[in-house]
Amino acid sequence: MYTRREFLTQMAAAGIAAESQMHDAEVSSERVVAGKKQNMKTYQVAHANLTVSRIAYGTATLGLEPDYADERSFKESYTRGSAGPMAPDAITKGLKIINTAYEHGITLFDLAHTYGGGKAEILFGEVMKMSPGLRNNITIQSKCGADSKGLNSSYEHIVSATEESLRRLRTDYIDILLLHAHDHLVEPDEVARAFDILNRGGRVRYFGVSNHTIHQIELLKNSVEQPLVVNQIKLGLASCCPIAGSLVDARYADFSGIVDYCRASGMLVQAYSPLKGEYVWGRTLIDPADDAPLEFKQAAVLLADIAKKYSATPAQVMLAWLLRHPAGVVPITGATKPAHIIENCSADRLEINRQDWYALLEAAVKFQRRPS
Ligand SMILES: NC(=O)c1ccc[n+]([C@@H]2O[C@H](COP(=O)([O-])OP(=O)(O)OC[C@H]3O[C@@H](n4cnc5c(N)ncnc54)[C@H](OP(=O)(O)O)[C@@H]3O)[C@@H](O)[C@H]2O)c1
């Protein structure tokens, strides 16, 4: 476990090493904003003066050694704030990833106070420092409400974690701040007070939630003055699928009807882990293991067939499936390979028809009914 001082020292060292590698890696600070940029369709966020790309980039593994980007260590970094050392080439890689996402149309970047125990925000701040102008062209979303000790939506935590995020990110304001998950001990009046002070001080423009059910959102709305403009949930063909309406993941909470609720109340739905999902037999639905259940393999075959029909890849179809939903869903992709990022951004141009959309839903519901 690194102290903050040790970590920053390591970051600085990584920065010096990265600078000397930059020409070789063909990434320069200017290219993040000056490169030839491809457009992507956008969403206008309701109740906010904000337009975002309809695919977002998620930074949870930014700065981690590849060994630490696996599921177990990812959870470790999330819950305990420790995820091993900062990768020595973290800045070069981070620049390349953010550059690729931005050049292919992504303008919404998802961060969190907890990601990599702070590495993601620090790295993102470094990239923005090296890329003058980038800050004004993107939407920065971060999250608070969890720390190394667990969930915490107290006034003190929200304000202090957000101030720390701002320092790490080297920015004066966060565009959207989410509560990472529902804190069972939450006092909505405290959340309201924290949001007020951050909003009035110009530190946060808009607020939202993540992993919140309808009732949990309603509870907050009783006290919070600002509109809650986003709900970020695990959603996709390989995840528990609230689109299907009746599915309940007992390990979390009842998310039934959440997508329709968000649509009706003008909250932007963001779908995290849109490819990886949680029903993982093998790497994903894209590449199932031999011992995966029959229904999972059947869904994977259908996905591959539909992809072939559209001359697309399975990943693109999984993303286009989410984009096809009229609620206006933003998939948050976390690919670390630039080729994957480019492939995923092209899903913006893929439209799947009604029949294929329902065939995929039906196939997914079949394997999701099995205990994982
Ligand atoms: N609010 C929350 O509680 C919460 C929880 C989890 C995540 N999130 C957010 O969601 C973001 C994304 O999560 P995630 O990483 O699970 O998303 P994901 O994009 O579903 O999964 C990433 C995995 O899929 C692979 N992949 C991506 N594109 C691919 C493609 N075209 N073909 C084959 N494989 C591909 C990646 O491989 P490579 O790395 O090799 O490219 C990586 O292993 C996080 O970074 C975070 O911002 C939020």
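Since every read-out is calculated from the coordinates, none of them should be taken as a lab result. All values reported here derive from a predicted model rather than from experimental measurement. Note that we place each Cβ from the backbone using ideal geometry, even for glycine, and neighbour counts take in every protein chain shown.
Just flag the trypsin sites (Lys or Arg not before Pro) in the stretch 320-372 sitting in loop per DSSP whose Cβ has no more than 12 other Cβ atoms within 10 Å. All intermediate terms of the calculation are to be shown ahead of the outcome.
On the way: sites: 324, 349, 354, 366, 369; in loops: 324, 369.
Here the trypsin sites (Lys or Arg not before Pro) that fit, given the DSSP loop and packing criteria, are 369.
Grab the Cα-Cα distance for residue 298 and residue 215, subtract it from 0.36 nm times how many residues apart they are, and report the gain in nm with one decimal. Display every interim value, and only then the final one.
Values: separation 83, 0.36 × 83 = 29.88 nm, distance 3.53 nm.
Roughly 26.3 nm would be gained on extension.
For the stretch 150-243, GluC sites (Glu not before Pro) meeting the loop criterion (DSSP other than H, G, I, E, B) and having at most 16 other Cβ atoms within 10 Å: 225. Our estimate of slack between residue 324 and residue 149, defined as 0.36 nm per intervening residue step minus the Cα-Cα distance, is 59.2 nm.
The calculated FRET efficiency for residue 260 paired with residue 89, based on their beta-carbon distance and R0 = 45 Å, is about 0.55.
For the stretch 306-371 and the stretch 162-190, what is the separation of their C-alpha centers, rounded to whole Å? Rounded to whole Å, the Cα centres lie 30 Å apart.
Here the extension length gained between residue 337 and residue 308 equals 8.2 nm, from 0.36 nm per residue of separation less the Cα-Cα distance. Put a dot 7 Å past the Cα of residue 200, heading toward its Cβ, do the same for residue 170, and the two dots end up 3.2 nm apart.
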